[in-house]
Each structure stands twice: as structure tokens, then as C-alpha cells.
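*Asks:* Submitted below is the structure of interest, expressed as C-alpha cells.
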Amino acid sequence: MSNPVLVEVFRGETVESRHRGSVIITDGDGKIVFSLGDIERPTFPRSAIKAIQALPLVESGAADAYGFGNEELAMACASHSGEPEHVRRAADMLGRAGLDVSALECGAHWPYQQPVLIALAQSGETPTALHNNCSGKHAGFLCTCRHLGIETRGYSALGSPEQDMVRDAMEAVTGAAHTLDHCGTDGCSIPTYAIPLKNLAHGFARMATGTGFEPVRAKAARRLLDATMAAPFYVAGTHRACTELMEMAPGRIFVKTGAEGVFVGALPKLGLGIAVKCDDGTTRASEAIIATVLARIFRNEPELESKLDRFADREMRNWNGITYGVVSPTEALTDADIN
């Protein structure tokens, strides 16, 4: 099945690139509200699922034991930019469990934000694992281990008690089998599993509604989504899509990006979950797709719809600030009838 073209990139008046992809929206019962493209194809959700991966942190009691509030829980669900606030918060999370940066197994990379990267380089320092966009998630893993008395060394490995808990949570929430034949290694070294896009959307609809969850899980899921929406800066950072989209409708929109063109969303007040995959893995396209889908959902709120559409259909500028083209969703999305 060939997925439809959902985003076109114009240079001048000419289409320079086309991005194909798939989209699905479901309710908490798994009913498909809207779909485009192949929603059955196994897809690695990558970092888009961090809110589900953080469930053991809350359900185990570790989050409460270490006094975590919205910012810490948002960090546990984050792909942050490595800004100073993110680094300090990750270090603080570890410190509350009596750990430090040496316990992290996610590896180090330079901050995403160019000014932050430059400032760090000019200081003569090099990045640590605290700058890794996944350091908050890994700090959450370590705090869970520490609270439960689990060995922290090797917590990121396939078959470790921590990753077994994460896998079990993912299976239970999405309803998709997480098997070794669809298992790979994520960028931060933990196992990642390819599942159908429809299960991914259903999982986030259930996170938003608690449908089919035991009370402890329903409460934990809502607490994590509420935390990310209350502290969206800690989910991503300055000028990042996840942060900006959630700030457009505080407390109403949860979104989370993943590598290779994945995006998920949850709308607690509407009881909906969303999953997006851009076939070629391009972030600019997945951002345009999720924003356009949200705009269609909120078409009865003109001000919010307009903000979302402007985010989706945006100009591209060169290093001299000259506009040379636009990233533009196609009619397959802009004309979508999403009830």
C-alpha cells in the first residue's frame, strides 16, 4: 500500500519535495475516528512513547518517594534540547535517588539548540550524558530501580528488570505484542519495538481516557499527561514543536515527537489519541502533519485552528533571512473531515 502525499515543500512556486505518510485518530475504545494511509505497518515509535515508558516510575511509587512534581515528570517523558534548565533538572532527579551522571547509560551528545551548543563549547566544556535528550527518561528509569531495590547497572539492556517493566507497560497500553522479531535498539540504547500505528494511537487514547485501565494505571497515565501539559518546556525546549504546540492550548493538547518522522498526540477532553508516521522520517513533515490534524480537530475554534495552521504551513528562510519556500500540507490533510 502506497501512503498518500501529506506534505509538499515548495521552492518558489515549484514543488521540490513530497512527503508521504500515514495518520490515525482513535477513541479510548479503539474506534477509528479518522485515518489515512497504512495504519497496520509496524512502526518504531521511538521517543514518542516516553509517557508510556514512564508509567512504572509513577506506578511503583518512585515518583512520590523522590518528591517529583510536574517538571520532573515532564522530564521523564522528554526529548529535551539540553538547555541548562534541562541539565540541572536531570541531575537533580538523579541526586534525589543518591545517584549522579555516571549512572546514566544513554550516552552524551551536544545540545540541540545552537546558542546553547556554542555557549557550552566556548566554556571549554564538553557535553555529558545529562545533555542527552533522553537523560530525563533515563533518570526516571534509575529512580524506579533505586526505589524498588533493583540493580541500576545495566538498567538499559534488553532483559533487565527495568526494561521488562517498560515493555510490559507498552504491551498493556497499546495492546500490541512486543516481540523480539520486531525489536531494535533505540538511540539512547534501550530496546525499542515496532508496532502498528493504530495500536500507537489507541494507546494514547487510553492514556487520555483511562479506558480499560485499573485505577492505579489510569491515575498514573493522567498524571503524566497532565504534567507534560503543565510543563511543556521540559518536554522539549525553546522553539521546539512539542513545547510550542502544547502551549497553544494549555492543558488540552499533549503531543510528543519521535525520531524518524513519528508524532503522537492525546486530547484528554475529547478522549482521542493520534499517531503519525512520515515515511521518509523527515521531522519538518511530521510536525506539519500533526499540526494540521490538530487544526482540523479544533476547526470549531477559529483562533486555535489558525495558530495550528500557521505552524503547519510555514515559510523556510536561508541564512540571510530570505524566504525561499514553504512547507505545506496537502489537501489530503487540509480538507480532512475529522468529527
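The values are calculated or read from the model by the stated rules, or taken from the named source; none is laboratory data. It should be emphasised that the depicted structure is a prediction, and the values quoted were computed from it without experimental measurement. Heads up, the Cβs are rebuilt from the backbone with ideal geometry, glycines too, and the neighbour counts pull from every protein chain shown. In case anyone asks, the SASA skips ligands and DNA or RNA and just uses the protein heavy atoms, side chains included. Shrake-Rupley method; radii C 1.70, N 1.55, O 1.52, S 1.80 Å.
*Asks:* For the range 27-70, what size does the Cα cloud have along each of its three principal axes, sorted from largest down, in whole Å?
*Replies:* In descending order, the Cα extents are 44, 22, 17 Å.
*Asks:* Treating the Cα atoms of the range 273-339 as identical point scatterers in vacuum, please give the log10 of the normalised Debye intensity I(q)/I(0) at q = 0.11, 0.29 Å⁻¹, two decimals.
*Replies:* For the range 273-339, the Cα-only Debye profile gives -0.28, -1.30.
*Asks:* Quick check for you: with a 1.4 Å probe and neighbouring chains kept, what is the accessible area per residue of the chain, in Å²?
*Replies:* Accessible surface, normalised per residue, equals 41 Å².
*Asks:* Between Ser2 and Met316, what's the calculated FRET efficiency when r is the beta-carbon distance and R0 is 25 Å? Round to 0.05.
*Replies:* About 0.40, to the nearest 0.05.
*Asks:* Take the Cα radius of gyration of the range 71-118 and divide it by 2.2 N^0.38 Å, with N its residue count; two decimals is plenty.
*Replies:* 1.15
*Asks:* Right, another one. Label the range 1-128 by shape, choosing from rounded, prolate and oblate, from the square roots a ≥ b ≥ c of the eigenvalues of the Cα gyration tensor; if a/c is under 1.5 it is rounded, and otherwise prolate applies when a/b is larger than b/c, oblate when it is not.
*Replies:* Oblate shape, in that a/c is at least 1.5 and b/c is the bigger or equal ratio.
*Asks:* While we're here: Might you report the magnitude of the Cβ-based charge dipole of the range 5-335 about its Cα centre, with Lys and Arg at +1 and Asp and Glu at -1, to the nearest 20 debye?
*Replies:* The calculated dipole for the range 5-335 is roughly 260 debye.
*Asks:* Over the range 1-49, consider all pairs of different Cα atoms and compute the Kirkwood hydrodynamic radius from their mean reciprocal separation; express it in Å, one decimal.
*Replies:* Evaluated over the range 1-49, this radius sits at 13.0 Å.
*Asks:* How many percent of the accessible area of the range 5-335 is carbon or sulfur, using a 1.4 Å probe?
*Replies:* Summing carbon and sulfur atoms, their accessible area is 49 percent of the total for the range 5-335.
*Asks:* With the Cα gyration tensor of the range 162-290 giving a ≥ b ≥ c as the square roots of its eigenvalues, does the rule (a/c under 1.5 for rounded; else a/b larger than b/c for prolate; else oblate) give rounded, prolate or oblate?
*Replies:* In terms of gyration-tensor shape, oblate.
*Asks:* Sticking with this one: If you find the alpha carbon centre of the range 64-126 and of the range 169-238, how far apart are they in angstrom?
*Replies:* The distance from the Cα centre of the range 64-126 to that of the range 169-238 comes to 21 Å.
*Asks:* Provide Rg over Rh for the range 86-245; use the alpha carbon set for both Rg and the Kirkwood Rh (inverse mean inverse pair distance).
*Replies:* 0.98
*Asks:* Once fully extended, how much extra length lies between Glu151 and Arg252, figured as 0.36 nm per residue of separation less the alpha-carbon to alpha-carbon distance?
*Replies:* So the chain would gain 32.6 nm between Glu151 and Arg252.
*Asks:* Using the eigenvalues of the Cα gyration tensor, what equivalent ellipsoid semi-axes result for the chain when each is taken as the square root of five times the eigenvalue, whole Å, largest first?
*Replies:* Semi-axes (√(5λ), whole Å): 31, 24, 18.
*Asks:* Run the lone-cysteine check on the chain: no other Cys C-beta under 4.7 Å from the residue's C-beta.
*Replies:* That list is Cys77, Cys143, Cys145, Cys183, Cys242, Cys278.
*Asks:* At a Förster radius of 35 Å, what calculated FRET efficiency corresponds to the Cβ-Cβ distance of Glu301 and Ile118, to the nearest 0.05?
*Replies:* E(calc), rounded to 0.05, equals 0.35.
*Asks:* Something else: Loop only per DSSP, at most 16 neighbouring Cβ atoms within 10 Å: give me the GluC sites (Glu not before Pro) in the range 1-70, ordered by residue number.
*Replies:* Sparse-neighbourhood loop GluC sites (Glu not before Pro): Glu13, Glu40.
*Asks:* Considering the options Ala221, Ser286, Ser35, tell which one lies farthest towards the positive end of the dipole of the chain, charges being +1 on Lys and Arg and -1 on Asp and Glu at the Cβ, about the Cα centre.
*Replies:* Among Ala221, Ser286, Ser35, the one farthest towards the positive end of the dipole of the chain is Ala221.
*Asks:* If the cut-off is a Cα-Cα distance under 25 Å, which lysines reach Lys31, setting aside same-chain residues fewer than 8 apart in sequence?
*Replies:* Filter leaves Lys50, Lys198, Lys219, Lys256, Lys269, Lys277.
*Asks:* Could you list the GluC sites (Glu not before Pro) in the range 123-225 that lie in coil according to DSSP, counting only those with at most 13 other Cβ atoms within 10 Å of their Cβ?
*Replies:* Answer by residue number: Glu125, Glu151.
*Asks:* Between Glu125 and Val326, what is 0.36 nm times their sequence separation minus the Cα-Cα distance? Round to one decimal in nm.
*Replies:* 68.6 nm
*Asks:* DSSP loop (so not H, G, I, E, B), at most 13 other Cβ within 10 Å: list which trypsin sites (Lys or Arg not before Pro) in the range 243-339 pass both filters.
*Replies:* Sparse-neighbourhood loop trypsin sites (Lys or Arg not before Pro): Lys269.
*Asks:* Rounded, prolate or oblate for the range 206-260? Axes are the square roots of the Cα gyration tensor eigenvalues, ordered a ≥ b ≥ c, and the cut-off for rounded is a/c under 1.5.
*Replies:* Prolate.
*Asks:* With the crude spin-label approximation of a point 7 Å out along Cα→Cβ, what separation in nm comes out for Thr238 versus Ala218?
*Replies:* If labels sit at Thr238 and Ala218, their model points lie 4.2 nm apart.
*Asks:* Calculate, for Ser35 and Arg88, the FRET efficiency according to 1/(1 + (r/R0)^6) with r their C-beta to C-beta distance and R0 45 Å; round to the nearest 0.05.
*Replies:* 0.60
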